[in-house]
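Here's the structure, in structure tokens; my notes come after.
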Amino acid sequence: MSIPTVHNISDIPAYEGPHAIPGIRFRAARTALGVSSWGMNVLDLDPNCEGHPEHNHEHDGQEEVYVVMSGAVRLVVDGEALELHAGDMVRVSPQSTRKLVTTDSAVSILAMGGTPGAAFTVTPGV
């Protein structure tokens, strides 16, 4: 029997490297927990944050699921805005462009990803 790995999100240090984005704390939850089957991060965005980059995953075929853990966020998918609140979950296809934008409240999001039909490969340091 193996012992479960437990971490509080606030104890996972936010990324502080050269690609850090002001107003966004990117926490490598997959790495902290030792998950090797899918990608998983926690994103904490400050109020009025527009710094999350618009992107898609056509290059790697990864679909993503966002779970809003607290606060509210506007998720813009292919130019259409979705208002999401605590408890909401959404799946975004690899081909769709997506961008997270906050208004007057901060948000904490669990982001999970993987490529359908393909084994997950760990990117070192992520």
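The values are calculated or read from the model by the stated rules, or taken from the named source; none is laboratory data. Note that the coordinates shown come from a computational prediction; the quantities given were computed from them, not determined experimentally. Cβ coordinates were reconstructed from backbone atoms using ideal geometry, including for glycine residues, and neighbour counts include every protein chain displayed.
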Residues of the stretch 71-118 being closer than 21 Å to residue 61 by Cβ, in contact with a Ser or Thr (Cβ under 9 Å, 6 or more places away or on another chain) and small (Gly, Ala, Ser), which ones? 114
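Every residue, every condition in (1) exposed (fewer than 15 other Cβ atoms within 10 Å of the Cβ); (2) more than 12 Å from the chain's Cα centre (by Cα), yes or no:
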{"position": "35", "(1), (2)": "no, yes"}
{"position": "54", "(1), (2)": "yes, yes"}
{"position": "66", "(1), (2)": "no, no"}
{"position": "73", "(1), (2)": "no, yes"}
{"position": "88", "(1), (2)": "no, yes"}
{"position": "111", "(1), (2)": "no, no"}
Quickly run through the stretch 48-100 and pick out the residues that are at positive phi, without any contact (Cβ under 8 Å) to a residue 40 or more places away in the chain and among the polar types (S, T, N, Q). none
Take the stretch 19-41 and flag every residue that is among the polar types (S, T, N, Q) and touching a helix residue (DSSP H, G or I) at 6+ places or on another chain (Cβ under 7 Å). 41
Inspect all residues belonging to the stretch 83-97 and state whether any of them is in contact with a Pro (Cβ under 6 Å, 6 or more places away or on another chain) and farther than 24 Å from residue 5 by Cα. no
What are the pairs with Cβ atoms under 7 angstrom where one residue, in the stretch 8-20, is under 16 Å from residue 40 (Cα atoms) and the other, located anywhere, is assigned to a loop (DSSP other than H, G, I, E, B)? Sequence gap at least six, or different chains. 12/28; 15/28
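Test residue 103 against the criterion of being closer than 30 Å to residue 2 by Cβ, at pLDDT below 95 and either among the acidic types (Asp, Glu) or surrounded by fewer than 16 Cβ atoms within 10 Å (Cβ to Cβ) (or both), and give yes or no.
no
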